[in-house]
Amino acid sequence: MINEDTIVAPATAAGGGGVGIIRVSGPDAERQFLELFRPTFQPEQFKTHHFYYGHFCRPDGEILDEVMAVIMRGPRSFTTEDTVEFHCHNSIVILRQILNIIINNGVRMADPGEFTKRAFLNGRVDLCQAEAVADLIAAKSEKAGKVALQQLSGRLSASIKEYRKRLLHILALVETHIDFSEEDIELPDVVGLANDARKVKDDISLLVQTYATGRLLQEGTHILILGAPNVGKSSLLNRLVGSDRAIVTDIPGTTRDSLEEQHQIGGFPIKLIDTAGIRKTDDPIETEGIKRAYDRIEKADLVLLMVEAGSEIKETDRRLLDLCQNSEVIWVVNKVDRVRNGKGDDLLPGMDSVEISCKTGQGIEALEVRIKQHLESGREGAEESLVLYNARHCASLQGTIDALGLFLEGIEQGLSPDLLAIELRQAIQYVGEVTGESVTEEMLDVIFSHFCIGK
């Protein structure tokens, strides 16, 4: 695909560092370079993929900024088009002026994700790899970054393309019988077709089963801190993240809404959620906060259910435990520093509990170890394996599994080859959506709309 228009966008966030990058891609990119860049030493010819020092100038020759500039002639660029970058001082004022000058010089502002979309449309990357660009940028932890980088390298794409190739082979055998049904040719081995299709279905099912792990690696495990007022929930959040993110007082009901904080434990991304203390109250604001805490329980992957050392387990605590049936629960016994022997192990005998003191820090490291064990359970080395984490990919592959299931049912029922081929084509359609071999323009617009400008 050859784009007739040229696009421009900042490739870096304004004001976030010393250098800002303005990227231009398209057939008019080199003209922008030649007209707006003045090198300190004029070469006989500008070489591709070489940086040049000089100044970015207005069309009338007035110097705007001191820059480094590079031209990357296609197809040796990310978009496979002629691409130019101006590396300038990262001032919002300067970046805006450079953008406006280039736009006024006949270039349009890029849409979100348009550089990556062009890379996909021009065959530089497939759709699976294109999405990994945004995922790598948005990665919240080292492990999430590794999973995204693995997808960007094409490992998932290779598996998907192999599945599609195997399905196309099966379809070819079925369609041969359709095309030559009146000829004297040997019928396809129905048992062999079923075995081949079942093997592809099983392989894809194994990949889909990794989605839960992949989602947690990419999005983070939701850890809910739950308990009665003044049991130390906000103090625990502050201890775990290492800063005073939540307000802590001795007044019950201080936390009236959920507070979320991104963090990492053992390289795994987590989202810690501090909630309102559970109790009966006439305060409408606190009541709404408690309702939201209850709503959060259903979405939690792990619940830290806090109780106070030296006190009895209350009916409210037991009711909260009953509500956490779908989540793993770690009982956290806080304020052990107030108990005479510094322990609260008689409070929850035989239960999965960790004793801590948010005041002194006692037991916090042990709690982090216990949380890390939960995060690692069944996910050891997952970032090194082939893991599915994209919801769109999972839905498409599930569609493939369902279509293959109908194909296999059709074989058992003795359906005609033309009916069997319908289900096979549907399976191929679904699996092709992952890498973009069968995707609509509307779907592309939705996918790339989630990218940031300049990517």
> Would it be correct to say that ALA391 is touching a helix residue (DSSP H, G or I) at 6+ places or on another chain (Cβ under 8 Å), modelled with pLDDT under 85 and not aromatic (Phe, Trp, Tyr)?
Replying inline: no
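Taking region 304-343 as the search range and keeping residues that are of a type in the set (Asp, Glu) and touching a residue at least 60 places away in the same chain (Cβ under 8 Å), which one is farthest from THR275 (Cα to Cα)?
GLU308
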>> Can you find, within region 307-337, the residue that is nearest to GLN373 (Cα to Cα) among those that are more than 31 Å from the chain's Cα centre (by Cα) and assigned to a strand (DSSP E or B)?
In response: VAL333
> Got a number for residues in region 130-146 being touching a residue at least 40 places away in the same chain (Cβ under 8 Å), within 19 Å of ILE453 (Cα to Cα) and in contact with a helix residue (DSSP H, G or I) (Cβ under 7 Å, 6 or more places away or on another chain)?
Replying inline: 5
> Taking region 328-353 on its own, how many of its residues are in contact with a strand residue (DSSP E or B) (Cβ under 6 Å, 6 or more places away or on another chain) and at pLDDT 75 or above?
Replying inline: 10
> Is one or more of the residues making up region 22-44 among the small types (Gly, Ala, Ser) and more than 17 Å from ARG76 (Cα to Cα)?
Replying inline: no
>> So ILE401 ticks every box in (1) surrounded by 17 or more Cβ atoms within 10 Å (Cβ to Cβ); (2) in contact with a Leu (Cβ under 9 Å, 6 or more places away or on another chain); (3) over 27 Å from LEU121 (Cβ atoms); (4) at pLDDT 85 or above but one. Which box is left unticked?
In response: (2)
> Among the residues of region 14-60, which ones are out of contact with any strand residue (DSSP E or B) (no Cβ under 9 Å at 6 or more places or on another chain) and crowded, with 18+ Cβ neighbours inside 10 Å?
Replying inline: ASP28
>> Of the residues LEU240, LEU217, LEU224, only one is within 18 Å of LEU321 (Cα to Cα) and buried (at least 20 other Cβ atoms within 10 Å of the Cβ); which?
In response: LEU224
>> Could you check region 65-111 and list, in sequence order, the residues that are assigned to a strand (DSSP E or B), farther than 15 Å from PRO39 by Cβ and touching a helix residue (DSSP H, G or I) at 6+ places or on another chain (Cβ under 7 Å)?
In response: THR83, MET109
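The values are calculated or read from the model by the stated rules, or taken from the named source; none is laboratory data. Just so we're clear, the structure is a prediction, and the values are computed from it rather than from any experiment. Because the Cβ atoms are built from the backbone with ideal geometry, glycine has one as well, and the counts that use them run over all protein chains shown.
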